[in-house]
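This report concerns only the one structure given below.
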Ligand SMILES: C[S@@+](CC[C@H](N)C(=O)[O-])C[C@H]1O[C@@H](n2cnc3c(N)ncnc32)[C@H](O)[C@@H]1O
């Protein structure tokens, strides 16, 4: 006999019409025994119509599934329960599900009912859950979270000023190779504004301690880090099972509550993430159930949670960190759109810091794409004009829109379609015309390049010609190639992670002839 899974796979190959007009009537007409053998029809119909059915079709499917909730077979009822939430089920379906939640309902059916109600339940479910023993421990928390989400979508406030408790740590994480640039930006901030003390920097992380009231806005005025998180504590355990209680205690701790309450407007919801370890559904469930039991005001919620509690593996344990999930990143409000091969913005900010524009800089990005490097450089000040060239007219249109959105009106900008090698034909560009070249060239991965060494060689040649003496070339070099022209002198080289592969972030100085 065919397994439910095999039949499901076969049914998923059918069109929605075939499923609805042939398979469903055949299922409805079948004998109880045949229906049990073809229960996969329910799953296939639920998935097919959830993915691409019209609202009208989904309503018809919902009505069919709701009828199946009354089926004498528990298995058919369970399949219908699992399919319903995918189809935009609401209060009517919630009522039908709650009617099935009787003291006599078996434990397996209760489990499925709980799962369906977690997804579609509201206040009625919450009231029923409190009086129904035997539901999964997470059902109440999940229903509360979805009600909270619907009631008041939470917002992280950048402007709230927080008086830190002693010993609070802030971790600024970045890609490998950029730590010193992140650290230098922090040092510069501290020299100007105080508020924080630099603790340490190592392994893609710069740690600081607040020493005065601060806001998230203060921290997000720094542009070079990738993510920011508050250290909640370190949990060490010999076995994963032994970590559940201490992790839950950290999540439910007064420090977590204090931070969440200080910076959140709306419900206090978080996701739990085992960084670099995949979903870890079982462990997440155990820890978040226990944390909820300790502190029911903080809700675990996989959907649209404003915060993430991240577990970073360390020796024999985990560093537990609270990270605001700000999307879009408030530092990137100039990004009207981006391109497939757009630069990682914190890398562009680090490059701009390395370039260090001083006064009246004339800046060229030969491969400007959506303009990230030019914008990050102009934002630092000291820039008179920026020139972007690229082969892709669509990317240039985005660069123009992004530059306008960045409100850098004092900086003149032009974005020209063409090969960078033809720079001398672009107005304003030519031999000894620019003081800074900053660029993230094609790496031969997302943007295919027939001869990458040739392209980088040509970039060195163009830079040696276009730069004024004293000018700088800052770029990410994807290959091990030095300039042939001796007038370009290497100033610094950092090996950086470009998202799974290493390149060199290099800075050259153009010497006088
Ligand atoms: C890595 S992307 C640059 C991304 C850009 N920094 C951004 O943030 O959007 C490289 C760009 O080089 C452009 N390109 C490739 N070959 C080129 C050439 N010979 N001359 C000018 N542009 C070129 C591609 O169209 C692409 O937009």
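The values are calculated or read from the model by the stated rules, or taken from the named source; none is laboratory data. Predicted model only: the values in this text are computed from it and were never measured. FYI the Cβ positions are ideal-geometry reconstructions off the backbone, even for glycines, and counts take in every protein chain you see.
The table below lists the values:
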item	result
Given (1) closer than 24 Å to residue 93 by Cα; (2) within 38 Å of the chain's Cα centre (by Cα); (3) modelled with pLDDT of 95 or more; (4) surrounded by fewer than 16 Cβ atoms within 10 Å (Cβ to Cβ), index of the condition residue 28 fails	(2)
Criterion (touching a helix residue (DSSP H, G or I) at 6+ places or on another chain (Cβ under 8 Å), surrounded by fewer than 19 Cβ atoms within 10 Å (Cβ to Cβ) and free of Cβ contacts under 8 Å to residues at least 60 places away in the same chain) met by exactly one of 286, 294	294
Residue within the stretch 327-335 that is within 13 Å of the ligand (Cβ to nearest atom), in contact (Cβ under 8 Å) with a residue 60 or more places away in the chain and assigned to a loop (DSSP other than H, G, I, E, B) present	yes
Conditions (1) within 12 Å of the ligand (Cβ to nearest atom); (2) in contact with a helix residue (DSSP H, G or I) (Cβ under 6 Å, 6 or more places away or on another chain); (3) not in a helix (DSSP H, G or I): number failed by residue 475	(2)
Candidates 404, 399, filtered to the one that is under 29 Å from the mean Cα position of the chain (by Cα), crowded, with 23+ Cβ neighbours inside 10 Å and either more than 10 Å from the ligand (Cβ to nearest atom) or more than 23 Å from residue 461 (Cβ to Cβ) (or both)	399
Residue satisfying condition, being under 30 Å from residue 404 (Cα atoms) and either more than 16 Å from the ligand (Cβ to nearest atom) or within 16 Å of the chain's Cα centre (by Cα) (or both), within set 344, 316	344
Of the criteria (1) away from the ligand (no atom under 13 Å from the Cβ); (2) touching a helix residue (DSSP H, G or I) at 6+ places or on another chain (Cβ under 7 Å), which one residue 506 fails	(2)
Yes/no for residue 323 being more than 9 Å from the ligand (Cβ to nearest atom), part of a strand (DSSP E or B) and under 26 Å from residue 267 (Cβ atoms)	yes
Among the residues listed as 153, 213, the single one being touching a strand residue (DSSP E or B) at 6+ places or on another chain (Cβ under 8 Å), farther than 19 Å from residue 321 by Cβ and surrounded by fewer than 17 Cβ atoms within 10 Å (Cβ to Cβ)	213
Qualifying residue in the stretch 10-25 (condition: outside any loop (DSSP other than H, G, I, E, B), under 18 Å from residue 73 (Cα atoms), in contact with a helix residue (DSSP H, G or I) (Cβ under 8 Å, 6 or more places away or on another chain) and at pLDDT 95 or above)	yes
Only one of 408, 429, 436, 374 that is touching a residue at least 12 places away in the same chain (Cβ under 8 Å), in a helix (DSSP H, G or I) and in contact with a strand residue (DSSP E or B) (Cβ under 9 Å, 6 or more places away or on another chain)	374
Residue check, residue 480 exposed (fewer than 13 other Cβ atoms within 10 Å of the Cβ) and under 22 Å from residue 347 (Cβ atoms)	yes
Boolean, residue 463 is outside any loop (DSSP other than H, G, I, E, B) and either within 22 Å of residue 371 (Cβ to Cβ) or within 13 Å of the ligand (Cβ to nearest atom) (or both)	yes
Selected residue (criterion: nearest to the chain's Cα centre (by Cα)) from residues of the stretch 421-457 that are within 14 Å of the ligand (Cβ to nearest atom) and loosely packed, with under 13 Cβ neighbours inside 10 Å	446
Condition met for residue 262 (part of a strand (DSSP E or B), in contact with a strand residue (DSSP E or B) (Cβ under 8 Å, 6 or more places away or on another chain) and in contact (Cβ under 8 Å) with a residue 40 or more places away in the chain)	no
Any hit, the stretch 493-502, residues being touching a strand residue (DSSP E or B) at 6+ places or on another chain (Cβ under 9 Å), within 13 Å of the ligand (Cβ to nearest atom), under 17 Å from residue 354 (Cβ atoms) and in a loop (DSSP other than H, G, I, E, B)	yes
Count of the stretch 350-371 residues which are crowded, with 21+ Cβ neighbours inside 10 Å, in a loop (DSSP other than H, G, I, E, B) and more than 8 Å from the ligand (Cβ to nearest atom)	1
Selected residue (only one of 166, 160, 175, 115 is surrounded by fewer than 19 Cβ atoms within 10 Å (Cβ to Cβ), under 25 Å from residue 307 (Cα atoms) and touching a strand residue (DSSP E or B) at 6+ places or on another chain (Cβ under 6 Å))	175
Residue count, the stretch 178-207 (criterion: more than 25 Å from residue 498 (Cα to Cα) and touching a strand residue (DSSP E or B) at 6+ places or on another chain (Cβ under 6 Å))	6
The stretch 411-420, subset in a loop (DSSP other than H, G, I, E, B) and either free of Cβ contacts under 8 Å to residues at least 12 places away in the same chain or on the phi < 0 side of the Ramachandran plot (or both), residue farthest from the ligand (Cβ to nearest atom)	411
Of residues in the stretch 377-396 being in a strand (DSSP E or B) and within 13 Å of the ligand (Cβ to nearest atom), the one nearest to residue 342 (Cα to Cα)	390
Which numbered condition residue 274 misses (of (1) more than 15 Å from the chain's Cα centre (by Cα); (2) more than 30 Å from residue 474 (Cα to Cα))	(1)
